[in-house]
Amino acid sequence: KVTVSAPGKVLLAGGYLVLEAPNAGFVVAADKRFYTSVRSGGGSSDDTTSTDKKDDDKNKIIIRVDSPQFHSTWNYKYDKSNRRLIPSSDNESVNPFVEKTLRVCLIYLLSSSQQQQQQCDITSLKILIRADNDFYSVLPHLPSTNNRTPADVAALPCFLPCPKHPDTGKAVVHKTGLGSSAALTTSLVGALIHYFRRSHQQQQHEEEQKSSSSSSSSLSAIIHNLAQICHCFAQGKVGSGFDVSAACHGTHVYKRFPKCLLPDLLQQLDEYENYIESDKSKNHHQSLYETLRSSVELVPWKEDMVEALKLPNDLQLILADVRGGSESPSMARTVLKWKAEERNKNNENNNNEIPHWTTLSKLNPKIVESIPSEWSSDSPLTSLRNDFLQIRNELRLMGEVAGVPIEPPPQQELCDATSKLPGVITALVPGAGGYDAVACLYIDRPSVVESIGELW
């Protein structure tokens, strides 16, 4: 059995701008994680009869994925002969991040002839996916009073299930904006890679990895690159990638990878699903594997994509569960459309300044510059606080002119009230904003935490 976890994220600075190079984003890895466990185990198949089961077993991997928090189980067969992942007709739902991550990872892990010979003994996989409570609203699990505190949240049992809709019986999900899809995808990719490596007892290879820091770095890069590909494939678009990067690298300053890196591969992955079993299909899946392998292992992504950054221990982050949730991709599309229109207007007037956007591009780097590398009682936090206030103001104004609720009035009211508390550096709606959880950066003192809890 192999278990791999990946953290959630909070984008404290760089919202929207991080979508376009060379703008950077300051992303903090949360201490809340997704956990994926992979082991050999049984699954179910709805179309394998007893007559052909013995022959099929040689070319099939039976896969069962359990997600208790979503009250879901997904069963699949992976056909090694044509590299197809076949969902069971009994599956009651589809999770694109699970399904498409499995498709891509198994093509990558099983497509070379040498690996296929080594790995043909794998005939079944059982996968368990769990998440810390904070990725989804925990309000339904708390007492229905107005005195709910951080201590009440901390006392909840682990891995609580999402509530079910009384009529449909489906899970009711209110995300908090911690990047659940990226953390899920990254933990699943990491677990699959480590399981396949370990299951074949490649002792010499593993010893080489343990003795070589460059090999360890290479494995980390493979997991990151493959997770970025899987996440983009599941989303149907190439995003900035900061959420997957945080799930792999933790807290850091992030600059996006080139947008041109993945579209051709994603198109090949889409096209591959339309091929039928044929000689053409066999040639196609080998071509797809080579493109995938090149993108994961050979193509340079970006040398300065990740710049390590560590928050001093005396600065901590806490989130307010507002039980909302926003569609960040649609908000981003609207803002980028507005920006493009503004740029066209400015080009006509020979003006390179874009309202709010240009100001934010100058303010965001100041956040990293103002964060002390080590904590001291006289750390210059006033400038950090003022920079955050200016960024909040510019983002809110940009949202108003673009027609996007980046900091809607209820969120603004909560952020303003929280920011006035002694010991609070900033309170803001992170990332793309909207109705995701409010993030508060504060000086870690019991009195400060208590005052935040009482206000919220």
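Listed by first and then second residue, the pairs linking a residue in the range 237-262 that is in the same structural domain as His224 (by the TED database) and touching a residue at least 60 places away in the same chain (Cβ under 8 Å) to a residue that is open to solvent by 50 Å² or more (accessible area, probe 1.4 Å) and in a loop (DSSP other than H, G, I, E, B), with Cβ atoms under 7 Å apart and 6 or more places separating them unless they lie on different chains, are Thr251/Lys310; Lys255/Ala21; Lys255/Pro22; Lys255/Lys302; Lys255/Asp304; Arg256/Ala21; Pro258/Lys302.
Every listed requirement among (1) among the acidic types (Asp, Glu); (2) at pLDDT below 85; (3) surrounded by 17 or more Cβ atoms within 10 Å (Cβ to Cβ) is met by Asp243 save one, (2).
Among the conditions (1) at pLDDT 95 or above; (2) closer than 30 Å to Gln390 by Cα, Pro22 misses just one, which is (1).
Please list, ordered by first then second residue, the pairs with beta carbon atoms under 7 Å, 6 or more apart or interchain, first in the range 80-109 and closer than 14 Å to Arg64 by Cα, second open to solvent by 10 Å² or more (accessible area, probe 1.4 Å) and in a loop (DSSP other than H, G, I, E, B). Short answer, once both residue conditions are applied: Ser88/Ser44; Ser88/Ser45; Ser88/Asp46; Ser89/Asp46; Asp90/Asp46. Could you list, ordered by first residue, the pairs with Cβ atoms under 6 Å in which the first is in the range 357-380 and over 15 Å from Ile391 (Cα atoms) and outside the structural domain of Glu400 (by the TED database) and the second is modelled with pLDDT under 95 and open to solvent by 90 Å² or more (accessible area, probe 1.4 Å), at least 6 apart or interchain? Sorted first by the residue in the range 357-380, then by its partner, the list stays empty. Scanning the range 271-289 for residues that are at pLDDT 80 or above and either closer than 19 Å to Val244 by Cα or surrounded by fewer than 12 Cβ atoms within 10 Å (Cβ to Cβ) (or both) yields a single hit, Glu271.
The one condition from (1) touching a Ser or Thr at 6+ places or on another chain (Cβ under 9 Å); (2) charged (D, E, K, R); (3) without any contact (Cβ under 8 Å) to a residue 12 or more places away in the chain that Arg333 does not meet is (1). Every condition in (1) open to solvent by less than 50 Å² (accessible area, probe 1.4 Å); (2) closer than 29 Å to Glu271 by Cβ is met by Arg293 except one, and the failing one is (1).
For the range 313-336, taking the residues that are open to solvent by 90 Å² or more (accessible area, probe 1.4 Å) and closer than 17 Å to Gly433 by Cα, the one that is modelled with the lowest pLDDT is identified as Glu327. Apart from one condition, Met331 fits all of (1) of a type in the set (A, V, I, L, M); (2) part of a helix (DSSP H, G or I); (3) within 30 Å of Ile222 (Cβ to Cβ); the exception is (3).
The values are calculated or read from the model by the stated rules, or taken from the named source; none is laboratory data. As the structure is a computational prediction, the values presented were derived from the model and not from experiment. In this analysis, Cβ positions are derived from the backbone assuming ideal geometry, glycine residues included, and neighbour counts consider all displayed protein chains. The area values use the complete protein model at the heavy-atom level, side chains included, leaving out ligands, DNA and RNA. Shrake-Rupley method; radii C 1.70, N 1.55, O 1.52, S 1.80 Å.
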